[in-house]
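*Asks:* One structure coming up, written as structure tokens, with questions to follow.
The values are calculated or read from the model by the stated rules, or taken from the named source; none is laboratory data. Computed from a predicted model, the values in this text were never measured in an experiment. Every residue, glycine as well, gets a Cβ built from its backbone with ideal geometry; the counts of neighbours run over all protein chains shown.
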Amino acid sequence: MFYREAGQFKTDYASDQAVFPILQDRIGIVVIVLAAYSLVLAQNDFLLNAMMIPFLIFTLAAIGLNLLTGYTGLLSLGTGAFMGVGAYSCYKLTTIFPGVNIIIWIIVSGFFAAFIGVIFGLPSLRIKGFYLAVATLAAQFFLEWCFIRIPWLYNYNVSAAIEVPQRELFGVIVTGPRATAETRYLIVLTIVVVMTWMASNIVHGRIGRMWMAVRDMDIAAELMGIRLLPTKLLAFAVSSFYCGVAGAMLVFLWYGGAESTVFSINQSFFVLFMIIIGGLGSLLGSYLGAALIFMLPIVLRFVPPKFGIPVHAATVEHITFMTVGALIVFFLIVEPHGLARLWQIAKQKLRVWPFPY
Amino acid sequence: MRAPTGSHIAAGEVLLAVENVSLSFGGVHAIRDVSFDIRKGEIRAIIGPNGAGKTSMLNVINGFYTPQAGQITFKGQTRSKMRPFEAARGGIARTFQNVALFRGMTALDNIMAGRTLRMHRGLFWQIFRYGPAMTEEVEHRLRAEEIIDFLHIQHIRKIQVGRLPYGLQKRVELGRALAMEPDLLLLDEPMAGMNLEEKEDMSRFVLDVNQHFGTTIALIEHDMGVVMDLSDRVVVLDYGQKIADGSPDEVKSNKTVIDAYLGVAH
Ligand SMILES: Nc1ncnc2c1ncn2[C@@H]1O[C@H](COP(=O)(O)OP(=O)(O)OP(=O)(O)O)[C@@H](O)[C@H]1O
Ligand SMILES: [Mg+2]
């Protein structure tokens, strides 16, 4: 009853073309964003550091992969490596030019990832589906090899790992061991909110329609005058940009240091599972998928003990694997549009409630 | 909808000419040495029994197939093959025998996708959406709405086309082609699988598009009644060869054509 567009007449096409034409949706978004920001007041390091920061970072990576796989229909198994390109670029940039604002380098490292993404996206003109996935897999292994075998990338550290240096922003420490969870959370949140807004703008406009057209029926898209290669490469570029920024944040604003294994094929699958469960071709789905995959083990780990049920770390891991596996099978077979679609259905029901139609 | 622009060819002159085109797939000769032309402003029907090569001919015209021999002259430019992108740029739009809509997108988005070539704001403006990108979006939304009104599909504009019944899908596909404001519209069996009422509606739309907007139309259709009513000239293909070409009445009384349709042995 309360959620419906009744009485909200769209007087022009600009407001109808808006991303959230319904007022309740817009209010909801504002409330959620404000609530997210107010979490810093909770003074809860565990909440921010172990849950919110990684959740947001993986959401950004999931959005990146979703732009490519969900919106453009190009399956990629190289997400982990593209995240790695972002992380290593950021590390090189900030150690070569320590004076430049670290936030700028985090964003710029996205461009490096975009560039690499475009190069490995080139075969996508000729090959599709399974074979393209294999090509991105090659990218994954090649880049991983670079992260291990090119010591210049990690500044010849004996640990063979990125060691995040301390950097300040307006006198506040934002990276390195002395940066507080609150500061890092605020930066991650702001970047993810802004980049989600941008992704939403892109997919709702001309470029988003070109991507989806290529995904749904590439021959018809070509006949609309959409050139396949530039369109696919743009998807690779934007997608890898998102993954690159996510990778840089993962190391600089969460881990504080990382070896090449962080960017392994496992990470690629991890993000892929998020968008399958959350919903292919949905930004909301990227959030839901990341939340589910990321929060599930944490909930399993900490909720049962509250009720006096002891669980082993190993058990948690097993249950997580089984649940995630079952969910993937479920969504692939029953609802390819994932949690996001279930949410839409619920909303539709709410709109007409209490009437069945 | 605006009348098509950008063409210096006057009504009645040759808009597209196909000369001595041959196309084969391995051993299958889909088209053998076929020549015909389409004049600006007319409805040109292409008919023939199943497997005659009609769809293949459209695929040659908009560049999906490369003919082994022959040439295509479009708007005065002669080439041995078209490229899909060039064809779209040049003002050729197309619907498919088996609907080829973007199934995951709404009817409105499908039609908006038809306007891609006419929209120019790049990634930079799209990222911010508000401002120039939105101005452009609204301007083209108005065009899309005109097409939606014209085809009477207001009620389904926000529905994913994959969920629409077949007849409506065909209509949305026509809308998407119209959104390109083409000079030449290729329709591959637009009425196949429709009931009588839907066929009548679709015939009306085809005629209206031709008369009000002056769009030249090449129409493949099996329903002879529709062909006779709509078309100005008819070309008949059989086993990849042209067996007749002329006004509907001439073609109807042509002995070879009657034999081809009745399946007389060659
Ligand atoms: N891509 C292809 N590969 C191989 N053979 C093809 C291909 N496309 C068409 N053909 C063959 O070319 C011949 C002509 O086919 P086409 O689809 O043009 O016929 P049509 O006149 O459109 O028939 P219909 O009325 O059934 O649609 C057929 O024998 C068909 O099998
Ligand atoms: Mg055909």
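*Asks:* Would you be able to say whether some residue in the stretch B:180-192 is in a helix (DSSP H, G or I) and at the interface with chain A (Cβ under 9 Å from one of its Cβ atoms)?
*Replies:* Checking the stretch B:180-192: not a single residue is in a helix (DSSP H, G or I) and at the interface with chain A (Cβ under 9 Å from one of its Cβ atoms).
*Asks:* Working only within the stretch B:99-121, note down all residues that are within 16 Å of ligand 1 (Cβ to nearest atom) and either among the small types (Gly, Ala, Ser) or touching a strand residue (DSSP E or B) at 6+ places or on another chain (Cβ under 9 Å) (or both).
*Replies:* Scanning the stretch B:99-121 gives a single hit, B:100.
*Asks:* Still on this model: So, in the stretch A:153-172, how many residues would count as being in contact (Cβ under 8 Å) with a residue 60 or more places away in the chain and not acidic (Asp, Glu)?
*Replies:* Within the stretch A:153-172, residues that are in contact (Cβ under 8 Å) with a residue 60 or more places away in the chain and not acidic (Asp, Glu) number 11.
*Asks:* Taking into account only those residues within the stretch B:145-177 that are within 11 Å of chain A (Cβ to nearest Cβ) and under 18 Å from the mean Cα position of the chain (by Cα), which is nearest to residue B:190 (Cα to Cα)?
*Replies:* My answer is B:173.
For (1) aromatic (Phe, Trp, Tyr); (2) more than 16 Å from the chain's Cα centre (by Cα), each residue gets a yes or a no:
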{"residue": "B:179", "(1), (2)": "no, no"}
{"residue": "B:200", "(1), (2)": "no, yes"}
{"residue": "B:206", "(1), (2)": "no, no"}
{"residue": "B:213", "(1), (2)": "yes, no"}
{"residue": "B:218", "(1), (2)": "no, no"}
{"residue": "B:224", "(1), (2)": "no, yes"}
{"residue": "B:228", "(1), (2)": "no, yes"}
{"residue": "B:238", "(1), (2)": "no, yes"}
{"residue": "B:241", "(1), (2)": "no, yes"}
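*Asks:* Where in the stretch A:1-113 are the helices (runs of 4 or more DSSP H), entirely inside, with at least 2 residues that are without any contact (Cβ under 8 Å) to a residue 60 or more places away in the chain? Working first, answer last.
*Replies:* Values: elements: A:13-16, A:23-38, A:53-65, A:79-96.
Per the criteria, A:13-16, A:23-38, A:79-96.
*Asks:* Take residue A:167 and tell me if it is under 23 Å from the mean Cα position of the chain (by Cα) and among the charged types (D, E, K, R).
*Replies:* no
*Asks:* Does residue A:174 count as farther than 30 Å from residue B:62 by Cα, at pLDDT below 95, away from chain B (no Cβ under 13 Å) and buried (at least 17 other Cβ atoms within 10 Å of the Cβ)?
*Replies:* Against the criterion (farther than 30 Å from residue B:62 by Cα, at pLDDT below 95, away from chain B (no Cβ under 13 Å) and buried (at least 17 other Cβ atoms within 10 Å of the Cβ)), residue A:174 qualifies.
*Asks:* Now a separate question. State all residues of the stretch B:158-200 that are free of Cβ contacts under 8 Å to residues at least 40 places away in the same chain and either over 30 Å from residue A:204 (Cα atoms) or within 16 Å of ligand 1 (Cβ to nearest atom) (or both); if no residue qualifies, say none.
*Replies:* Matches in the stretch B:158-200: B:191, B:193, B:194, B:195, B:196, B:197, B:198, B:199, B:200.
*Asks:* Just to verify a result, which residue in the stretch B:40-59, among those that are among the β-branched types (Val, Ile, Thr) and more than 14 Å from chain A (Cβ to nearest Cβ), is farthest from ligand 2 (Cβ to nearest atom)? First the steps, then the outcome.
*Replies:* Of the stretch B:40-59, the ones among the β-branched types (Val, Ile, Thr) are B:43, B:46-47, B:55.
Within this subset, residues satisfying the condition of being more than 14 Å from chain A (Cβ to nearest Cβ) are B:43, B:46-47.
Details: B:43: 18, B:46: 10, B:47: 11 Å.
The qualifying residue farthest from ligand 2 (Cβ to nearest atom) is B:43.
*Asks:* Filter the stretch A:216-231 down to the residues that are within 7 Å of chain B (Cβ to nearest Cβ) and not acidic (Asp, Glu) and list them by number.
*Replies:* A:217, A:219, A:220, A:223, A:224, A:225, A:226, A:227
*Asks:* Can you tell me how many residues in the stretch B:58-105 are over 15 Å from residue B:23 (Cβ atoms), at pLDDT 90 or above and among the hydrophobic types (A, V, I, L, M, F, W, C)?
*Replies:* Total meeting the criteria: 11.
*Asks:* Determine, yes or no, whether residue A:195 is within 14 Å of chain B (Cβ to nearest Cβ) and surrounded by fewer than 23 Cβ atoms within 10 Å (Cβ to Cβ). Outline the logic, then answer.
*Replies:* Numbers: within 14 Å of chain B (Cβ to nearest Cβ): yes; surrounded by fewer than 23 Cβ atoms within 10 Å (Cβ to Cβ): yes.
For residue A:195, the condition - within 14 Å of chain B (Cβ to nearest Cβ) and surrounded by fewer than 23 Cβ atoms within 10 Å (Cβ to Cβ) - is met.
*Asks:* Going by what's in this entry, would residue B:127 be described as within 12 Å of chain A (Cβ to nearest Cβ) and more than 30 Å from residue B:70 (Cα to Cα)?
*Replies:* For residue B:127, the condition - within 12 Å of chain A (Cβ to nearest Cβ) and more than 30 Å from residue B:70 (Cα to Cα) - is met.
*Asks:* Sticking with this structure for a sec: Could you count how many residues in the stretch A:28-69 are in contact with a helix residue (DSSP H, G or I) (Cβ under 9 Å, 6 or more places away or on another chain), more than 20 Å from residue A:279 (Cβ to Cβ) and hydroxyl-bearing (Ser, Thr, Tyr)?
*Replies:* Number of matching residues: 1.
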